[in-house]
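Below is one structure; the comments refer to it alone.
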Amino acid sequence: MRLPARLLKRRKDAHKGDFGHVLVVAGSPSMLGAAALTGLSAMRAGAGLTTIAVARSLNLTLQGKISNVIMTRPLPETSRGTVALRAFDLLKKDWTRYSAVALGPGMTTTPGTVRFVEKMYLECPFPMVVDADALNALALRKVLGRKACGQRVLTPHPGEMARLTGLSKEMIRKDRRAIARKYAKDWGCTVVLKGPGTVVASPDGKVYVNRTGGPELATAGSGDVLTGLVASLMAQGLDEFHSARQGAYLHGLTGDRLSRQKTRILATDLIEAFQAPKEK
């Protein structure tokens, strides 16, 4: 699989604004690393700019976890130190700054945070990757199927898919392709059903089964890295289905390369090893 030429080779007069600005909204007091991994992944995958937004009390700690090239944005927080509903209005004032958003890793399902996720999913106008606790929030609020304002990519593992659909994990594992296709159509978004042979399904019926990657990707933070990668591709101008398909492929390909070098890999290894397939 090849990336579009504009992503493989940049013009000599290119500047950072040509490659989009990813907003990552993620993290909580016990899962701040998820926000850091998502943001670092988005930047390494080629986004021109990345901002990670977290609850205000976590902002300084986050700055110690990430590269100096990534910006941070402190947000209003709940009494539990998670992103509060009123953070939505603050972010809304700056919509024009961003090109794509990654929402959910490590956010928890604190009630105020769940309501924030609902508003972001429905009302945010730019492309969005929805993962982890944002998926759990959508399941709690029964949001899916309602019309969102922009392109949406959902990246559930089988357990999250079970919560979203009400199906058992066994039912999902038995017919991953058909289930991903059905719910992509029902929900009007691209579904990335993670697992061996990750299935990417679009609302119009297209299905891609990824053949790269293996058990080496079964490591903490691997899904956060995929979320940042897909958001980065969307920020750089790919549509939701092709961003998800290319992201799954490159994520797995990187795991394949690393598995030949190391017995076990970490999510940070994936970020450092990202590289696009060479042009032929």
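The values are calculated or read from the model by the stated rules, or taken from the named source; none is laboratory data. The structure presented is a predicted model; accordingly, all values stated were derived computationally and were not measured. All Cβ positions, glycine included, derive from the backbone under ideal geometry; neighbour counts span all protein chains shown.
Brief remarks on what is shown
- Test result for Ala267, touching a Phe, Trp or Tyr at 6+ places or on another chain (Cβ under 8 Å) and in contact (Cβ under 8 Å) with a residue 60 or more places away in the chain: no
- Residue list for the range 175-196, filter: assigned to a loop (DSSP other than H, G, I, E, B) and closer than 19 Å to Asp131 by Cβ: Gly188, Cys189, Lys194, Gly195, Pro196
- Gly247, sole failed condition from (1) under 20 Å from the mean Cα position of the chain (by Cα); (2) over 18 Å from Asp131 (Cβ atoms); (3) not hydrophobic (A, V, I, L, M, F, W, C): (2)
- Selected residue (only one of Ser67, Ser41 is in contact with a helix residue (DSSP H, G or I) (Cβ under 7 Å, 6 or more places away or on another chain), surrounded by fewer than 17 Cβ atoms within 10 Å (Cβ to Cβ) and within 20 Å of Gly228 (Cβ to Cβ)): Ser67
- Considering only residues in the range 108-158 that are on the phi > 0 side of the Ramachandran plot and at pLDDT 95 or above, the one that is nearest to the chain's Cα centre (by Cα) turns out to be Ala132.
- Gly228 vs. criteria touching a residue at least 60 places away in the same chain (Cβ under 8 Å) and either more than 22 Å from Thr268 (Cβ to Cβ) or surrounded by fewer than 24 Cβ atoms within 10 Å (Cβ to Cβ) (or both): no
- Elements of type helices (runs of 4 or more DSSP H) in the range 126-174, at least 2 residues being touching a Pro at 6+ places or on another chain (Cβ under 8 Å) and more than 14 Å from Asp186 (Cα to Cα): 133-141, 169-174
- Pairs meeting the criteria (first residue in the range 21-32 and under 12 Å from Gly104 (Cβ atoms), second residue β-branched (Val, Ile, Thr) and not in a loop (DSSP other than H, G, I, E, B), beta carbons under 6 Å, at least 6 apart or on different chains) are Val24/Thr38; Val24/Ile52; Ala26/Thr38; Gly27/Val54.
- Only one of Leu58, Leu23, Leu90 that is among the aliphatic types (A, V, I, L, M), surrounded by fewer than 20 Cβ atoms within 10 Å (Cβ to Cβ) and either over 20 Å from the mean Cα position of the chain (by Cα) or closer than 24 Å to Ser222 by Cβ (or both): Leu90
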